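Take a look at the structure below.
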Amino acid sequence: NWQKKLDDMVQLQYASTLANVGQRSTYTLAIAEAEKITQERPQRVQAQTLVSHWKKEIQRLEDRPILVQAVRTATKGGKENLQAAIAQAGKVEQGRALRIEGQTYIAEWQDRIETIEDQPILTAATKLAEGGKLTEAIEQAKKVAEGRALHDDAQIAIKGWVAEIQTIEDRPILIRAENLAARG
């Protein structure tokens, strides 16, 4: 049993040395070497763990260029480039090692697109508010849909404008109350 364990360890050390080169072909050779350790062998679990790790490394090598290209495209800016970057990053398939990273980029770029689309709405609403047209500003800001990147900003602006309207509406009541208090 000790001899089998020693043989397995030598086999795995050889496979690990191949994998350490870090190329697709050497990972493939390392996987083939580790898979020679059969089910009944003492180091089978370690071999399976290494095989799984190396398969993920191959996926990273294959998918990294896809994400690098997507990031390059997104860096150019603009809605069209961001959409192209999203399509590129979407090529990293479910279950792949870099899928979560790709989905993180996609979410970030989708937010940027939404900002590009919705910023003019908020800017117009702000201009209306600055011109004293608070009700129109509120209606304009409500066009930023729930779940969009600037929705929270729109809601904060709306709350501020609603408070401003209430202050304006309440001012005559406060003045009357002050006058009554001054008389009494």
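The values are calculated or read from the model by the stated rules, or taken from the named source; none is laboratory data. Keep in mind the model is a prediction, meaning the values are calculated, not measured. Cβ: placed from backbone, ideal geometry, glycine included. Neighbour counts: every protein chain shown. The area values use the complete protein model at the heavy-atom level, side chains included, leaving out ligands, DNA and RNA. Shrake-Rupley method; radii C 1.70, N 1.55, O 1.52, S 1.80 Å.
Just checking, which of 62, 57 is touching a helix residue (DSSP H, G or I) at 6+ places or on another chain (Cβ under 6 Å) and part of a helix (DSSP H, G or I)?
57
Quick one: count up the residues across the stretch 125-141 that are loosely packed, with under 15 Cβ neighbours inside 10 Å, of a type outside the set (Val, Ile, Thr) and at negative phi.
Residues in the stretch 125-141 being loosely packed, with under 15 Cβ neighbours inside 10 Å, of a type outside the set (Val, Ile, Thr) and at negative phi: 4 in total.
Could you tell me which residue of the stretch 1-33 is nearest to residue 55 (Cα to Cα), considering only residues that are assigned to a loop (DSSP other than H, G, I, E, B) and among the polar types (S, T, N, Q)?
So, considering only residues that are assigned to a loop (DSSP other than H, G, I, E, B) and among the polar types (S, T, N, Q), the one nearest to residue 55 (Cα to Cα) is 23.
Report every pair of residues separated by at least 6 positions or lying on different chains whose Cβ atoms are under 6 Å apart, first residue within the stretch 46-71 and closer than 29 Å to residue 84 by Cβ, second charged (D, E, K, R).
Going by the 6 Å Cβ cut-off, the qualifying pairs are 58/24; 59/96; 61/24; 63/96; 66/91.
Which residue is farthest from residue 12 (Cα to Cα), if the candidates are limited to the stretch 34-54 and must be of a type in the set (Ser, Thr, Tyr) and in a helix (DSSP H, G or I)?
Among residues in the stretch 34-54 that are of a type in the set (Ser, Thr, Tyr) and in a helix (DSSP H, G or I), the one farthest from residue 12 (Cα to Cα) is 52.
Report yes if residue 96 is surrounded by 14 or more Cβ atoms within 10 Å (Cβ to Cβ), over 30 Å from residue 150 (Cα atoms), charged (D, E, K, R) and out of contact with any Gly (no Cβ under 7 Å at 6 or more places or on another chain), otherwise no.
Considered against the rule, which asks whether it is surrounded by 14 or more Cβ atoms within 10 Å (Cβ to Cβ), over 30 Å from residue 150 (Cα atoms), charged (D, E, K, R) and out of contact with any Gly (no Cβ under 7 Å at 6 or more places or on another chain), residue 96 comes out as yes.
Looking only at the stretch 80-93, which residues are assigned to a helix (DSSP H, G or I), loosely packed, with under 14 Cβ neighbours inside 10 Å and touching a residue at least 24 places away in the same chain (Cβ under 8 Å)?
none
Could you list, in sequence order, the residues of the stretch 32-69 that are open to solvent by less than 50 Å² (accessible area, probe 1.4 Å) and within 18 Å of the chain's Cα centre (by Cα)?
63, 66, 67 - these are the residues of the stretch 32-69 that are open to solvent by less than 50 Å² (accessible area, probe 1.4 Å) and within 18 Å of the chain's Cα centre (by Cα).
Kindly provide the set of residues from the stretch 113-142 that are outside any helix (DSSP H, G or I) and closer than 13 Å to residue 155 by Cα, ordered by number.
Across the stretch 113-142, the qualifying residue is only 142.
Of 12, 6, which residue is crowded, with 17+ Cβ neighbours inside 10 Å and of a type in the set (A, V, I, L, M)?
Going through 12, 6 in turn, just one is crowded, with 17+ Cβ neighbours inside 10 Å and of a type in the set (A, V, I, L, M): 12.
Restricting attention to the stretch 143-184, which residues are loosely packed, with under 15 Cβ neighbours inside 10 Å and not in a helix (DSSP H, G or I)?
Hits for the stretch 143-184 are 143, 145, 146, 147, 184.
Failed condition for residue 110, given (1) open to solvent by less than 60 Å² (accessible area, probe 1.4 Å); (2) in contact (Cβ under 8 Å) with a residue 12 or more places away in the chain; (3) assigned to a helix (DSSP H, G or I), with all others met?
(1)
Taking residue 72 as the residue in question, decide whether it is out of contact with any Ser or Thr (no Cβ under 9 Å at 6 or more places or on another chain), open to solvent by 50 Å² or more (accessible area, probe 1.4 Å) and assigned to a helix (DSSP H, G or I).
Criteria met by residue 72.
Restricting attention to the stretch 124-135, does a residue exist that is touching a helix residue (DSSP H, G or I) at 6+ places or on another chain (Cβ under 7 Å), within 30 Å of residue 53 (Cα to Cα), of a type in the set (Gly, Ala, Ser) and touching a residue at least 12 places away in the same chain (Cβ under 8 Å)?
no
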